[in-house]
Structure formats: structure tokens, C-alpha cells
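Student: Could you have a look at this structure, given as C-alpha cells, before my questions?
Any read-out appearing in this document is the output of simple, stated calculations on the displayed coordinates, not a laboratory observation. Predicted model only: the values in this text are computed from it and were never measured. No Cβ is skipped: glycine too gets one built from the backbone with ideal geometry, and neighbour counts run over all protein chains shown.
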Amino acid sequence: MTSVAGRPALQPTSRPLARLVALAVSIAAFWVGVAFAEAPLAATLIVLGALALIVSLARPGAATYVVIVILYSNAAGVAVRDHGLPQLVGIAFPLLLALPLAEQLVLRRKPVVVTAGLPFLFGYLLVQVLAAIGARDPVDATDSLVGFLISGFGLYFVITNVVRTYGSLRLVTWTVLLVGAGMGALSTYQAGTETYRNDYLGFSTVDLPGQDSRGEHLVASLVGTPRAEGPIGETNRYGQVMLVLLPLGAFLALGERRRGLRWLALFLTALILCGMATTFSRGAALGLVAVLGVAVAFRYLRLVHLGLLGLLLVAVLAVFPRYSERLVDLQGLASIVAGETADAPGDTGNLRGRLTATLAALYVWEDHPLLGVGRGQFDKYYPEYAGLVAETTSESRVAFGEERQAHNLYTSVAAEPGTLGFLAFFAVFLVTMAGLEQARRRWRHDRPEVSQLAMGFLLALVAYLVSGIALHLSYERYLWFLLALAGVAATLALRGDPARDLEIGPSAGWRRVRTASQPVGAR
């Protein structure tokens, strides 16, 4: 069979092959139903996963968005934690990204993208390898290192090599906002209806006051408020995951030319803000204040904008009055500094515990300054060094017999990979944020939508760094995913005109994918 221009015509799909595939799918569905007869939800999740795999095989580019939805919603973790799916599911789903990566690097023979942060991230990996060799528990350190290799370095490298155009970057950003807004809407609905005993298939878990460590018993409690944990299962981390989306949504709306999409971005951002508020996270609130302060310093917010934002925040605090009470509890910090915690107002007990863990991490770093104690090893040193803190200050609070984290991004990074790891880790932030600032200034007048998106990512990183004052380094896949997208935004903007949908190529130049003046297929 021939076709126009002498090209061979596409052959029709083989009916026997189609029937064979249909038969195989039917048999597989039958056995899934048999195996999970008493767990229909697990069977449904397996079928949905199989469909996602089929779509990814048919269109490798779609696998990027499938993985992003699963990653940011923690759907794989929920399936394992709450619905009995094998642990392999939670580990293996990022492997879907191998499909678009192979399409880009092997089939299309495109060059490997090296962002400004990648060399420092590789250095951070090497430092952790060296630190693991001398770790107190080398098996645990090695397991943690393998996890970073997959969900840290590997995720960063793959994302920066499959998201290659400005159009795909915007679509990925919209995808993440939609996922975040969905989580925020669910948490807000749960809080509004007070249906805290319903975790909505595991996507809206709650930290209930009076609940024991296993989450099995709820005793009568007149103190405290249910705090949303979302699909992640940890209140403060859920708050941070939502927080970093706020500047992305706001600046995506600011740079959007179409009114409908602009209002959609603002609506999604409002849902994310409500979802963050249900966590009552003080670290997230601190990060939001920092974001607003930087936006004012860069003259993106004027007095009228601050007034409107102030009204919005007052409305949120009115809906969630316990949030304002938790923020007021921070006055306990002044009492701790003054050494007068007896009968002092505020949440001094919790704050003293966090301060003790932070100081213990600094003592660990002082004794192991170069390479630290190894990845994931601080909790094993906590009892010993928290005792030293107790000897030096009466304002400490030690959880004896427990292994605790540093509860601080900076001290936890200093203690575990040491000074070398600390420098490499924050160098990734530094060069990425410097690139975003250059991109913001470069395209502020000619391509304002590009400048606004760069500023959104810059503020998202600021939000993470500030909220990290109250959180140690964990759930890293969210961090490295954010840094990867920020690195793509900076690289796209600094190597060409991203608004013309140019593709990241070698450092020497760019390769045009498609512009208004050049149709697809033109040379």
C-alpha cells in the first residue's frame, strides 16, 4: 500500500493482535479480582495503575504527568499504607519516568541537560557516600542513601531531562497546582464538616488530639484541635508541601494573559491556602510571612495588595481560630530565651523540645565537622547529645529513651553529611535561586509571563528554606522535585527565549522545536 509523496502508508492495526491484547487484559483483570476479592479498592487501584502504565507506554510523554500526580498526591504511599498494596508499588512508580527519559535521550538522541545545580547535587551525593562508610549503623545509612539516589538525585536528573520546553514546564506547574488544590479542598471540606474519623481513602488523614501513637484509640480531650495531615500523614510537612505552591499559583496568575486562566489559578491558590490553614503549622505561617516580605521588597506587592491579602488572611484565621491561638503560643520563645519558662504563656514545652534537638544536632556537628555522622543517623546520637544539652541549660527538654530528629533543616544537614555536605546542599539552592533572579530581571519587560514564573519558583524556594527552620530534612522527593522544576525554569530562561517554546539543548546553543513562523517539520 502506498500513500501521498511516496511515503509508505500506515498499516491497519492487526485484529488478531488486538484480540490477543484484549484477552490478556481480561485474564489479568479476572485474576486481580480473584486475588483482591475482599479488597475491592486495592483491586481498583491496581487496575488504575495498569491503565496508567498502558497510557505511558502508548505516549511516553504522558508518563511525566502521571508520575507527578502520583508523587505530589502521595497516591502510591497511600495505596501501600492504607490499602495493603505491596511496598514495591511505592518504590517503583517513579520508574515510569524511564519511558519519557528514554524517548528523549535514546530515541530522539537529545543531549543530556545539566542544570547549574546538578554538579553540586552530585557532590552532595558523593559526600553522603563517604559519610555512610563510617556511619554508626552502615546498613541503615546505606538504605537511606539508596532512597536518596532514587527520590533525590535520580528524580532531579530525570525531571530536568524530560521537562525541556517552557510549554511543558507551565503544564507541569498547572498539574501540581490542580493536585494541591484537590488536597486543599478535601482537607477544607473535612474541617468544615468535622468528619475527622473519615480519612477519605487515606487522602485526608488527621492528627487527632488524644490519639495514641498508633492512631488506634481516641480518648476524651478538651484541649487541642484536629490538624490535617493530608495524604502525607504529617501535619507540618503537609503544611510545607502546600505552602510552596502558593507563590507558584499567585505568580502563574499574575503572568497569565487569559482572564479565565488567571482566575482559575487564583481559585486553586485559595484552595491550597485553605488546605495549608487546616494543618495549623506555625512553620508554614512563618514561610508565608517571608514570601510576602520578599514580594514587597521586590515591589510585586503594593499597599492595596497587602490590604487585600490582609483581609484574606483575617478571613482564614476567622474560619480557623485555633491557628491564631497556635501562632500566639510562639511567645513562649521569648520566655525560653529569658530563662523564665515557669508559668510562662505559650507552648514552651514543645518549643523547648525542639530547641533541645536543634542544639543536640549542633553538638553532633561540632564533634563530626567534616563528613558528619552519616545520612539518617542523627536520631541514634540524639539521646547522648540531648543529655549534653540538658547539662548546659535548664531550658532543655529531653525525650529520654527516644530517637528524635533535629527539627531544623540547617542543623540536620550540618550534623548528618557534615560541613562538606552542608555546603554542597545549599549550593544547589544558591545557584538555582541566582539563575531564577537573572531570569526574572532578563524577561521582566519583554516576556513578563516568563519573569513571573521565575519569581514564583524563587519565592517557593524561599518558602521552603524559611519553613525549614522548624522541619528537618525528610520527604525529600518534594524538595528535589521543586528544585528540578526551578532549575528547568532558570535554564530555559537563560539560554534562549522560552516563550517561543525552544528546547533545552547543549550549553553552546538551542534547538528550535516550534515557533509561529516555523511549522512542524520545516527546516
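Student: Of 151, 467, 474, 187, how do they rank once you tally other Cβ atoms within 10 Å and put the fewest first?
Tutor: 474, 151, 467, 187
Student: Turning to a different aspect of this structure: Calculate the spin-label point distance for residue 150 paired with residue 388, positioning each point 7 Å from the Cα along the beta-carbon direction, and give it in nanometres.
Tutor: 3.5 nm
Student: Which order do 446, 143 fall in if you start with the one that has the fewest other Cβ atoms within 10 Å?
Tutor: Exposure proxy ranking, most exposed first: 446, 143.
Student: Say each of residue 197 and residue 262 gets a label point 7 Å from the Cα, pointing the same way as Cα to Cβ; how far apart are those two points in nm?
Tutor: So the label points at residue 197 and residue 262 sit 4.8 nm apart.
Student: Round to the nearest 0.05 the FRET efficiency obtained for residue 102 and residue 434 when R0 = 30 Å and r is the Cβ-Cβ distance.
Tutor: Efficiency computed from Cβ-Cβ geometry: 0.40.
Student: R0 = 25 Å: FRET efficiency of residue 95 with residue 426, Cβ-based, nearest 0.05?
Tutor: 0.25
Student: What full-extension length gain, to one decimal in nm, is calculated for residue 122 and residue 88 as 0.36 nm per residue of separation minus the Cα-Cα distance?
Tutor: My answer for the length gained is 9.6 nm.
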